[in-house]
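The block underneath contains the structure these notes are about, expressed in structure tokens.
The values are calculated or read from the model by the stated rules, or taken from the named source; none is laboratory data. Please read all numbers here as calculations on a predicted model, not as lab measurements. Neighbour counts are summed over all protein chains in view; Cβ atoms, including those assigned to glycine, are modelled from backbone coordinates with ideal geometry. Calculation scope for accessible area: heavy atoms of the full protein, side chains included, ligands and nucleic acids excluded. Shrake-Rupley method; radii C 1.70, N 1.55, O 1.52, S 1.80 Å.
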Amino acid sequence: MFRQLWQTTMIALARSNRCKRVMQGRRSTSGLARRYVAGDDVMSAVLCAKRLKAEGIDCSAFYLGEYVDTEDKVRENLDAKRAVIEAFAANGLDVHVSVDPTQLGCSIDWDAGCERIERLTDHMSETLQGGAGSHCLMLDMEDFSVTERTIALHDRLTAQGRQMALTLQAYLKRSRRDVEAMIGQGATVRLVKGAFVAGPDIGYVSQGEIKENYRSLIDLMLSSKARKSGFSPVFATHDHRLHAYAIECARENGWRQGDYGFEMLYGARDDVARQLAASGEAIRLYLPFGEDWWPYAMRRIGENPRSLLLLLRGLIGR
């Protein structure tokens, strides 16, 4: 119950424009931004990604700008994502870009937002011109109200031959059948626990239930059937026990290192990311950049009540 209240409160803070204006204008809160964000602009993201690449760690770039409700902000987000595609390609980095559908206007007009995402995939193809690397546009998964439409968008663009990947959330009860459908397509899926909350009719509520479902989905995503279909699983978690479980499951089912992977959040457990890379595992960090950091930081803190001390230190400037 406390965890659900905590997450609900942090999401409310993330969506508060008033809080965002105040906190992003306070120098004392800059420590929160530095912890989770690569920098203010595209070149900051490139420099950070190159440094991580030298350590054997790849990145998925994410331009900050959530809960968008104006056309001006939509255009800014689209321009930034186009720019990071060009900059990563020019610097020999994997062009792996994460996007929230609502960032590009889907919360204003779903069809118009989807059209922008389609244009973004066109821009990626034109920029890369078939260049080697692990390139894709990763659709982030937002709250339950857009789950069905986000999956439909992924399926449509994938069927058109576009380089797409999809995020699914272990807290949702529907995710097992969604994973099964993605295995049938030979898709790329990033599995997260999920930063949102839902009632027991829709989602698992306790952390024990969510972790149990995550393990069950690992079994499914690393099954022999999934391997033979060309499915590409990515496990986005900081839980070292789940890392170990996935690695053992992969070995038992004949998966090679690199045919599956892990993803973590920049600034959360970079030490664990380095350990995974050193052991030969494929590891990617979700790399946010941009000035609009407050909503993102609040969602990260909302995922773990133990982050209360970090939040309080940021608010009082320590």
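Can you go through E76, E71 and tell me which one is surrounded by fewer than 22 Cβ atoms within 10 Å (Cβ to Cβ) and free of Cβ contacts under 8 Å to residues at least 12 places away in the same chain? Before the answer, list the steps.
On the way: E71 fails: free of Cβ contacts under 8 Å to residues at least 12 places away in the same chain.
Only one candidate qualifies: E76.
Assess whether D178 counts as being touching a residue at least 60 places away in the same chain (Cβ under 8 Å) and either within 26 Å of A112 (Cα to Cα) or of a type in the set (A, V, I, L, M) (or both).
Numbers: touching a residue at least 60 places away in the same chain (Cβ under 8 Å): no; either within 26 Å of A112 (Cα to Cα) or of a type in the set (A, V, I, L, M) (or both): yes.
No: the conditions fail for D178.
Filtering the range 124-148 down to residues that are among the charged types (D, E, K, R) and either closer than 23 Å to I210 by Cβ or surrounded by 18 or more Cβ atoms within 10 Å (Cβ to Cβ) (or both), which residue is nearest to the chain's Cα centre (by Cα)? Walk me through how you get there before you give the answer.
Going through the range 124-148, the residues among the charged types (D, E, K, R) turn out to be 126, 140, 142-143, 148.
If we keep only those that are either closer than 23 Å to I210 by Cβ or surrounded by 18 or more Cβ atoms within 10 Å (Cβ to Cβ) (or both) too, we end up with 140, 142-143, 148.
Values: D140: 5, E142: 10, D143: 13, E148: 18 Å.
If we take residues in the range 124-148 being among the charged types (D, E, K, R) and either closer than 23 Å to I210 by Cβ or surrounded by 18 or more Cβ atoms within 10 Å (Cβ to Cβ) (or both), then D140 is nearest to the chain's Cα centre (by Cα).
Can you tell me which residues in the range 32-62 are open to solvent by less than 30 Å² (accessible area, probe 1.4 Å) and hydroxyl-bearing (S, T, Y)?
Residues satisfying the conditions are Y36, S60.
Given the structure, is M164 under 17 Å from L139 (Cα atoms) and surrounded by 14 or more Cβ atoms within 10 Å (Cβ to Cβ)?
Values: under 17 Å from L139 (Cα atoms): yes; surrounded by 14 or more Cβ atoms within 10 Å (Cβ to Cβ): yes.
It is true that M164 is under 17 Å from L139 (Cα atoms) and surrounded by 14 or more Cβ atoms within 10 Å (Cβ to Cβ).
Being out of contact with any Leu (no Cβ under 8 Å at 6 or more places or on another chain) and either modelled with pLDDT of 95 or more or surrounded by 15 or more Cβ atoms within 10 Å (Cβ to Cβ) (or both) is the filter here; which residues of the range 240-257 pass it?
We begin by selecting, within the range 240-257, every residue out of contact with any Leu (no Cβ under 8 Å at 6 or more places or on another chain); these are 240-242, 244-245, 247-248, 251-252, 254, 256-257.
Result: R241, L242, A244, Y245, I247, E248, R251, E252, G254, R256, Q257.
Quick check on my filter: what residues within the range 106-123 are modelled with pLDDT under 95 and open to solvent by less than 30 Å² (accessible area, probe 1.4 Å)?
Residue satisfying the conditions is C106 alone.
Out of all the residues in the range 190-212, which are without any contact (Cβ under 8 Å) to a residue 60 or more places away in the chain and β-branched (V, I, T)?
Answer for the range 190-212, where residues must be without any contact (Cβ under 8 Å) to a residue 60 or more places away in the chain and β-branched (V, I, T): V192, I202, I210.
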